[in-house]
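Scroll down for the structure; my scribbles are underneath it.
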Ligand SMILES: [Zn+2]
Ligand SMILES: [Zn+2]
């Protein structure tokens, strides 16, 4: 199959012919019909997350089940599926504690670039290529654990399904699970990218009264307001935290959702949150960076800072919820879809993301 392989950070992605091996026990081979290009892919490809190479990135995807391994009962050949980039085992300490995004088995697999048994199904056996978050969807096909497959209806287009596989569920869950936004609340979303627009949309759905989108790119204003923001602040003009406070009776917001992965934006998110409020950190920071907050005021602030990954809840449940809201017309996801391009143009999509493209680029490898 054709796949976009990262062998050296300085070379970027190169399209290669890659062997994909048959799925093992409880694994599924899926033909990728749509895969979004997410900031996490970009960070990995640019070498910011210290990932081990060679690697096939891509984690926001949907496709068609083409082959199943022994013992698979969750899906059948011909099923249309969204792929989860954090498939959980169901049996470890965290799965038993109802925190599937913290699954130990998944964490071990993701850290080693393999699947459940920590080995790869990609490339020749003597020179395997690493999987990325148990997905690796910048390719014509993927092999994934069956728990990573979530069946979808005929009426859900693949491009929408792909978006729901990461950006939508991550932004939605940060609002409803981790921030637990209530009607009348004030919310700031820092970074109006793929995840940020969905956090804004979920804040509106949750009944937040003041919803402030912030971005260093003034061109994001229109998409922020269209996605649910009641206000937009251009961070590049300075004093963003003070501007947020001015909009919230001088106190700051109840919830700040940080989606950029920049440590300075994380500090700013803390500053613009009111005493007793919640800072939700969604953005993935570069390896080796640290989050700085003024320690002296922290105890008295009663603020909570929480990390949020994949929406922080139960991804499969949240993906189904989001798709129901889409089908009933309450989450207008189609307007998030930007250009749809073939796999060989993947590096263009990465450049557009760096330049601040307003909509999600979708790669259709088949
Ligand atoms: Zn993502
Ligand atoms: Zn587990």
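The values are calculated or read from the model by the stated rules, or taken from the named source; none is laboratory data. Keep in mind it's a predicted model, so treat the numbers as computed, not measured. Neighbour counts run over all protein chains shown; Cβ positions are idealised from the backbone, glycine included.
Observations, loosely collected:
- Residue count for the range 49-102, restricted to those that are part of a loop (DSSP other than H, G, I, E, B), within 20 Å of residue 117 (Cβ to Cβ) and within 16 Å of ligand 2 (Cβ to nearest atom): 10
- Taken together, 350, 291 contain a single residue that is touching a helix residue (DSSP H, G or I) at 6+ places or on another chain (Cβ under 6 Å) and assigned by TED's automatic domain parsing to the domain that holds residue 86, which is 350.
- Qualifying residue in the range 345-358 (condition: closer than 30 Å to residue 31 by Cβ, part of a loop (DSSP other than H, G, I, E, B) and modelled with pLDDT of 95 or more): no
- Of all the criteria given as (1) within 18 Å of the chain's Cα centre (by Cα); (2) within 23 Å of residue 362 (Cβ to Cβ); (3) assigned by TED's automatic domain parsing to the domain that holds residue 27, the one not satisfied by residue 151 is (1).
- Single residue of the range 183-196 satisfying the filter (more than 13 Å from ligand 1 (Cβ to nearest atom) and either in the same structural domain as residue 40 (by TED's automatic domain parsing) or not in a loop (DSSP other than H, G, I, E, B) (or both)) that is farthest from residue 32 (Cα to Cα): 186
- So residue 177, is it over 23 Å from residue 233 (Cα atoms) and outside the structural domain of residue 39 (by TED's automatic domain parsing): yes
- Listed by first and then second residue, the pairs with beta-carbon distance under 8 Å, at least 6 apart or on different chains, first residue in the range 33-55 and at positive phi, second crowded, with 24+ Cβ neighbours inside 10 Å, form an empty list.
- All conditions but one from (1) farther than 18 Å from residue 23 by Cα; (2) in contact with a strand residue (DSSP E or B) (Cβ under 9 Å, 6 or more places away or on another chain); (3) within 12 Å of ligand 2 (Cβ to nearest atom) apply to residue 152; the one that does not is (3).
- Elements of type strands (runs of 3 or more DSSP E) contained in the range 206-281, each with 3 or more residues being more than 28 Å from residue 353 (Cα to Cα): 273-281
- Every residue from the range 219-253 that is under 23 Å from the mean Cα position of the chain (by Cα) and on the phi < 0 side of the Ramachandran plot: 219, 220, 221, 222, 223, 224, 225, 226, 227, 229, 232, 235
- Whenever a residue of the range 272-295 is over 15 Å from residue 308 (Cα atoms), its partners that are surrounded by fewer than 19 Cβ atoms within 10 Å (Cβ to Cβ) and modelled with pLDDT under 95, lying with C-beta atoms within less than 8 angstrom and at least six residues away or across chains, give the pairs 286/48; 286/49; 287/48; 287/49; 287/50.
- The range 165-182, subset assigned to a loop (DSSP other than H, G, I, E, B) and within 16 Å of residue 213 (Cβ to Cβ), residue nearest to ligand 2 (Cβ to nearest atom): 179
- In summary, residue 330 fulfils each of the numbered conditions (1) closer than 20 Å to residue 177 by Cβ; (2) touching a strand residue (DSSP E or B) at 6+ places or on another chain (Cβ under 9 Å); (3) part of a loop (DSSP other than H, G, I, E, B) with the single exception of condition (2).
- Count of the range 109-131 residues, restricted to those that are within 15 Å of ligand 2 (Cβ to nearest atom) and either outside the structural domain of residue 161 (by TED's automatic domain parsing) or under 19 Å from the mean Cα position of the chain (by Cα) (or both), is 3.
- Output for the range 27-39, where each listed residue is under 15 Å from residue 133 (Cβ atoms) and either surrounded by fewer than 24 Cβ atoms within 10 Å (Cβ to Cβ) or within 16 Å of ligand 2 (Cβ to nearest atom) (or both): 39
- Within the range 19-47, the set of residues being within 14 Å of ligand 1 (Cβ to nearest atom) and in a loop (DSSP other than H, G, I, E, B) comprises 37, 38.
- Verdict on residue 306 being closer than 29 Å to residue 111 by Cα and either in contact with a strand residue (DSSP E or B) (Cβ under 8 Å, 6 or more places away or on another chain) or crowded, with 23+ Cβ neighbours inside 10 Å (or both): yes
- Residue satisfying all of: in the range 73-123; within 16 Å of ligand 1 (Cβ to nearest atom) and closer than 30 Å to residue 154 by Cα; surrounded by the fewest Cβ atoms within 10 Å (Cβ to Cβ) among these: 101
- Screening 216, 256, 174 for residues that are within 22 Å of residue 291 (Cβ to Cβ) and surrounded by fewer than 22 Cβ atoms within 10 Å (Cβ to Cβ) leaves exactly one candidate, 216.
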